Structures are given as structure tokens and as C-alpha cells.
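One structure is given below, encoded as C-alpha cells.
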């Protein structure tokens, strides 16, 4: 997770499927009807949604802490993933931990393979509980040539293999797990299908000549490839099924300047950001490869907000964080929250984030978007203080209601918690990684605010 002064970077695409929690074997609630695309975007005009406040910190409003556990994490790269059985945490030294969602008790802790100190990427488990993880050396600058299959029910590593080819190919690869195979999308070069049972490579997928440069993505049991530009200025965009290796669809794109994948947020439908001419366009393709719509911008960074049940987005509402990197990539500007109808790209509402108020979502449950609102208020001395509130946003209107205050972490140092570096929710609880005044980190759990509003529509 990339952490900035503006607050927590809640999701990252190097979770392989955009940071979604994993799919459980049971249905937590009915999928909501209708389709709304929600995007955090900077500087895009439309009507501004309202906001109400609701004080107090009752249990129903999420203000009562259920549990608190000290954790050793790297604040620059913190991630949370929620399954039916565990809250999984990227801990320090390349470890992956599984904790009981009800109590916070650590159930297992998986060390990285020998010589590997960097946990680069994690793909959510399939219905059998098997996940995938990519590892690299701590000083490798994100080069991750080791792949492992992990049983998240027990924390056991089933096998670990070195990926073929040059190590420099695998710069924080994206991963996806099917029933029979793991999809691996390297920084460049062919996408791979790896046997879930043995770890052996069963097929390679590329467009054009094998040596031609291409970009790839692995997400939602899909391998997606974008070929190099040919002499006619065209590029092939292709989606493959990760289990069978069959081609699902292919289409031809044409850009003045060759395009590459910037962020891929969903595989079904394919929602991806293509970067060309220093401009990134968020594009949505249906399950047959038809382009539904695109949202353009400049120098943006996209991340998907997960549904609590972890199922593919399909025709459901979705939320995307859309940040803008300014000043040659040095400053992360706060993104606004936008709602779109995904089939047409029609913008429905906008919720502004600014320097004094910021909404950081933790996930979607039913027809509600949950998260934390951070408000910066000036003191008489000219210094500012931060207040954090649990919040609920309606996906139809974008209207945000503040719930109970987020309890701070104070270990007797006299300084309150400094930041929230990660947050995620399931259908019952919200989980935060909070920093204490002593620069220590705690994984905490709270009742999900406004639980009565959840459910099918």
C-alpha cells in the first residue's frame, strides 16, 4: 500500500484483482440490482452530493472497538484482505498472517521462502481456500520471481517455484487463482498459466511475436494481454480464461502513441486503465470485448474498492479510487468520488474530497459504501488537528452520513493515533490498521456502521 500525507491508500492493483476480498463459499447477501460505476476522480464536474452528521459512538454506529491487536507492519506497504475465515494482513519481513475476524487472534503466520524477504503480491483464494503469493528479495526493487500456492485455511505453503525467464520480468506481477491454474502477469513478456497442483507452467500467452514487448494483467480468473503496436499502429487486446487457457475474446485498438496497461481493476467485465501519450483512460469492456465506455483524464492512478462478498463485479455497482499524481509524480492529489452508470458512462453524482475533509472507503456491502471520514480542523495556535468518523454513503445519491467517532490509540505516550494506514470491511465488521502515538501499529475491529441498512435491493 502506498501511504501518503493525505491518508491511507486503501487498495492497490498489485493485490492482483484490484484489492478485492476473497470469494467465500456462501452467499452473504443477494446481489443488488442496477448498475452504478463509482469513481474517485480529480476535477470532474457534476452535481455535488450532500452530507449529514450523526454523533455518538454506540455499538450500532461502529464506535465501540471489538478488539485491538499489536501488529508488525511496514507502514509504506500495508494491506488487508478479508475472507470468511480470516482477516489476512501483510506483515513485516515478507510474512502473511491470518487472524480470526471475531477475536483478532492470530491463527497462522507464513514466513517467506528462504532468501526472500519481500511479499510482492497476493491473489485471493479460490473456493477451496487456495491463494497465490509472489515473493522477491528485500533489496530487489520489486522484482518477484518466486511463486507459491498457499492454503489460507491452515497457513500452509503447498509449493514454491521459481518463475521462468529473467527475474527482471517479474516486477510486482499480478496474480489470479482459478480451480486448476494460477494466472501470472509479469511486467513484460508472456502471461503464464501455472498448474495449481504442481506449480509447473502449462501455457504462455502473448500477442504477436514471442519477443515483442507487451503488457499483461491477471485478475478475476482472466489473463489479459495488450500487444505491441504493429506497423499499422494497431494493438491487440485479448482476454483468456485462466483454467482452460482458451481465448474468451479479442479486439483491435488503435492509438497515436502505443498504449500500456496502467491499472486493471476488474476482469468480468474488463475495467482497465490504458496509458498513452501521458493520458490514462479508464475503459470498460463487456464479456464479449465490446467497449462500453471510457472516462479520460491525465496522469491518474486507479484502484478498485471491493465488495464484501468478493464476487466478480459483473453488472453490480463498483467504486474506483481515482487519484492524480502532480509535480512529476511527487504529490498525490486527493481524488473526488464519482458515480457512473457503467454501460453508458453517465455520471450520476460527485462527492468532493479536499484538504480539510476526506472520505476513505473500506468497501461496499449491499447498497452502502462504508469508510472513514477524516476532517482537519485548525486550532487557535494555527496548528490543525484531525478527527475521524465512521461513515456510510448511499450508492444511489452519494449522500454521506457520519456515524460514531473512530476511537484513537493511546498507549500512555500522550500522543493520539497518527494515521489509519489500511481499512477494509466484511458484512459485519470494519477492520483498521491504526498507528499509535509511539509509532506502533494495531489491527482493530469495529461493528459495521448502519448494519440495518445492508442487504439486497
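Quick notes on this one:
- Fewest-first ranking of 352, 246, using other Cβ atoms within 10 Å as the exposure measure: 246, 352
- For region 81-158 and region 209-274, distance of Cα centres in Å: 28
- Here the residues 81, 249, 67, ranked from fewest to most Cβ neighbours within 10 Å of their Cβ, fall in the order 249, 67, 81.
- Shown for 421, 105: other C-beta atoms within 10 Å of each C-beta, ranked fewest to most, produce the order 105, 421.
- Simple spin-label estimate for residue 230 and residue 95 gives 5.2 nm between the two label positions (7 Å along the Cα-to-Cβ direction from each Cα).
- Tensor-based shape of region 67-147 (alpha-carbon gyration tensor, a/c under 1.5 rounded, otherwise prolate or oblate): oblate
Coordinate-derived values only; no laboratory data. Note that the structure is predicted; figures quoted are calculated from it, not measured. No Cβ is skipped: glycine too gets one built from the backbone with ideal geometry, and neighbour counts run over all protein chains shown.
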